[in-house]
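Engineer: The following block contains the structure, expressed as structure tokens.
The values are calculated or read from the model by the stated rules, or taken from the named source; none is laboratory data. Everything numeric in this text was worked out from a predicted model, so none of it was measured. Quick reminder, even Gly has a Cβ in these numbers, built from the backbone with ideal geometry, and neighbours come from all protein chains shown.
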Amino acid sequence: MEKIRYVVEGQLFGVCAKMGEKLNFSASSIRLYFIYASFFTFGSPIVLYLILVFWMEIRVHLRRHQNPSVWEF
């Protein structure tokens, strides 16, 4: 079960885990609130989730561009 949790939190987008770190909440409770909010609002938080995923990925690429590794020269 821990391996599955690691893959889901680390390899997938990790938005809930990152928000949990910033807000000092557990990632599982944020996921549950997100799921409940998605059901009650007919999926509109999914748009917010996708925006956060896009923003997190852009930040990673911008950091790599500013600090290239030895292999990227």
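Engineer: Could you tell me which numbered condition L62 fails, if it satisfies all but one of (1) among the hydrophobic types (A, V, I, L, M, F, W, C); (2) at pLDDT 80 or above; (3) part of a helix (DSSP H, G or I)?
Structural biologist: L62 satisfies every listed condition except (2).
Engineer: Taking the conditions exactly as written (exposed (fewer than 11 other Cβ atoms within 10 Å of the Cβ), modelled with pLDDT of 80 or more and of a type in the set (S, T, N, Q)), does N67 satisfy them or not?
Structural biologist: Here the answer is no, as N67 does not meet what is asked.
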